[in-house]
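Okay, structure first, notes after.
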Amino acid sequence: METKAQVLYDFAAEPGNNELSVREGETITITNQNIGGGWIEAKNSRGEVGLVPEDYIETSNGNDPWAVFDSNASGGFSNNWAAQPEGTETGKTSSNAWHSGGQGHPQAYQGPDIYPYPCLIDLSGAEDDEWDEEWDDVKSSGGYAESEAGEGGAINRGGAHGSSMKIALNKFPGFSKSGPELYLLSKQPAKGTKLLVYSGEVGPVWAYPDYQLDCVVADPKKGSKMYGLKSYIEYQVTPTTTNKPVNHRYKHFDWLYERLLDKYGSAIPIPCLPDKQVTGRFEEEFIKMRMERLQGWMSRMCRHPVVSSSEVFQLFLSYKDEKDWKTGKRKAEKDETVGVMIFSTIEPEALPDLDLIEVEQKCEQFNRFTRAMDDGVKDLLTIGNEHWKRCTGPLPKEYQRIGKAFQNLSSVFTSSGYEGEATLTDAMTAAGKTYEDIAQMVAEQPKKDLHFLMETNNEYKGLLGCFPDTIGVHKAAIDKVKEGDKLVAAGKITTSEKTAMSKRASTMSYALQAEMNHFHSNRIYDYNRVMQQYLEQQVKFYEMIAEKLRHAHSQFTTM
């Protein structure tokens, strides 16, 4: 019996790789499932045969316990949500409370003057981001496509062959075949270190370590390979645990991001890195900007109790030598506890099962809050950007014009030849120069205060863009549990399996609520810190202006 499959995403064949080009929604026939490496052989409707990534298709062979509802038009159940999670272009419309109006992982904020180079996503394999033959073998996805979210979905980075990028619509490739039921109905024993969730004052919380990990990203150096034909920038990363620096290029940060997204993305929002850049990446200002944003990203990952304690993150911070790095890298890429299976490692410590309806209401409330905060953050970024441009453009010019006008009038007074006005003309000239000094201060001030406010909000813009997908995974799991009674009635699952599903959905709910509370505690800390910093710099700024104006004022005599 032939096995038919539905194509979930467009796939463009690479020339010479024996691949098969297919289109989303197309039905194909599987001719060989034993290719390995995340690929299957298939034949399309035109009789062409070739290789297609397993994660790009969904089989319909009758073994799926959910398939009984797929053709039930009156029941409204569909297995297609697994390929089209809510929050993506192919999910539900914006009228759904779970849908996000955000842009996924948005482009980073660009300061008008301090950042002269736009951050572009490099889809052409720029030299800066190619893998070293000396350090790494061909990238392996471990059966899961590697993704970086963008507007409307994700970018599949590499695929099983490590070939060119393929556009996909599912941020979490681990769901593309089975969705949450991969975990809800799993009979596999849990693997990996247990991630504990406790009951805190605000509700479920992650188990936080006694020592707060942090690291410093510094000392960028230009390196080269292939006898100087290819160049790159390497950064020193020094963790507070060892105080021993390790060296990493941007591509290594990118590799870490992909591993964290694959492993934790279904339970923990993993914000994207600062984007790749095709040109100007060796300019001093760009290197400074990238280092600062890598520092911000690493500090945020260090503050997360689950991410910071993970084996892959610890490897990145404290590998001993090249051999240790390569060994750890291979191990991380073969990790099977990825996607929804990360929930199998989560253990609510002596906590009762949750009421899923109540949890769903909390999730909807949190979703509304994050969407409103996303709007507020974007509004502040827009206004801040406009203010930055004004401070570095027309506003200093206005102060300069005032200063020049005072000095011009002083020159006119001097030409009168009247002996008693020297004090006045000197004071007016000094006042004019004071306003020219103020113009310079105004132009430089955004780098001292607005810059940090904008960077913090840009970080949260990226973080907030991740939440709709994370919440959508949980919502899909709850929907599947709600279908449990019908599955039992249809003989597709047993009563004990339905009970296990409910218990596991409860575990997912504990994890989601722990992540919500982690987000809120960090939000309060971050905005307290950045607003204090911003206002302190504003106070210093206006005090310096006031001091200059007081000095100018003192030069004028009262008759």
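Tell me the per residue accessible area of the range 328-386 using a 1.4 Å probe; a whole number in Å² is fine. Numbers along the way, then the final one.
Details: 3010 Å² over 59 residues.
On a per-residue basis, the range 328-386 sits at 51 Å².
Dipole magnitude for the range 315-359: computed about the Cα centre from +1 point charges on Lys and Arg Cβ and -1 point charges on Asp and Glu Cβ, it is near 620 debye.
For Thr241 and Glu292, the difference between the fully extended length at 0.36 nm per residue and the C-alpha to C-alpha distance is 16.3 nm.
In whole angstrom, note down how far apart the Cα centers of the range 450-492 and the range 396-445 are. About 60 Å separates the Cα centre of the range 450-492 from the one of the range 396-445.
Across the range 387-425, the residues whose backbone nitrogen lies under 19 Å from the label position 7 Å along the beta-carbon direction of Gln440 are 391-408. If you take the Cα centroid of the range 302-371 and the Cα centroid of the range 497-522, the two points sit 12 Å apart. Counting Lys and Arg as +1 and Asp and Glu as -1 over every other residue whose Cβ lies under 14 Å from the Cβ of Phe413, the net charge comes to -3.
Diffusion coefficient of the range 210-269 by Stokes-Einstein, Kirkwood radius over Cα pairs, 10 °C, 1.306 mPa s: 117 µm²/s. Rounded to the nearest 20 debye, the dipole magnitude of the range 248-364 is 840 debye, with +1 charges on Lys and Arg beta carbons, -1 on Asp and Glu beta carbons, and the Cα centre as origin. Cβ-Cβ distance of Asp219 and Asn18, R₀ of 45 Å, FRET efficiency by 1/(1 + (r/R0)^6): the value works out to about 0.50. Between Gln532 and Phe413, the modelled label-to-label distance comes to 4.6 nm, taking each label 7 Å out from Cα in the direction of the beta carbon.
Close lysine pairs were tallied over the range 417-512: pairs 8 or more places apart or on different chains with Cα atoms under 14 Å apart number 6. Label-to-label distance for Tyr542 and Ala372 is 2.9 nm, based on points extended 7 Å past Cα in the beta-carbon direction.
What is the calculated FRET efficiency for Glu234 to Thr558, with r their C-beta to C-beta distance and R₀ = 56 Å, to the nearest 0.05?
0.30
Please list, in order, the residues from the range 544-559 whose amide nitrogen is less than 16 Å from a point placed 7 Å along the Cα→Cβ vector of Lys433. Only 548-556 fall inside the zone, counting backbone N under 16 Å.
Of all lysines in the structure, the ones whose alpha carbon falls short of 16 Å from that of Lys244, not counting any fewer than 8 places away in one chain, are Lys320.
Of the whole protein surface, Cys363 contributes about 0 Å² of accessible area at a 1.4 Å probe radius. Ordered by 1.4 Å accessible area with all protein chains kept, Lys194, Lys461 run largest first as Lys194, Lys461.
Kirkwood hydrodynamic radius for the range 280-327: how many Å is it when counted over pairs of different Cα atoms?
In the range 280-327 this quantity evaluates to 12.4 Å.
Taking 7 Å steps out from each Cα toward its Cβ at Lys334 and Ile524 produces label points 4.5 nm apart. Legend: calculated FRET efficiency, Arg550 to Gln188, from the Cβ-Cβ distance at R0 = 60 Å, rounded to 0.05, equals 0.20.
For Glu483, the accessible surface of its heavy atoms amounts to roughly 10 Å² (probe 1.4 Å, protein chains only, rounded to the nearest 10).
The values are calculated or read from the model by the stated rules, or taken from the named source; none is laboratory data. The shown structure was predicted, so the numbers you read here are calculated from the model rather than taken from an experiment. Methodologically, a virtual Cβ is constructed for each residue, glycine included, from the backbone with ideal geometry; neighbour enumeration extends over all protein chains shown. SASA here: full protein model, heavy atoms, side chains in, ligands and nucleic acids out. Shrake-Rupley method; radii C 1.70, N 1.55, O 1.52, S 1.80 Å.
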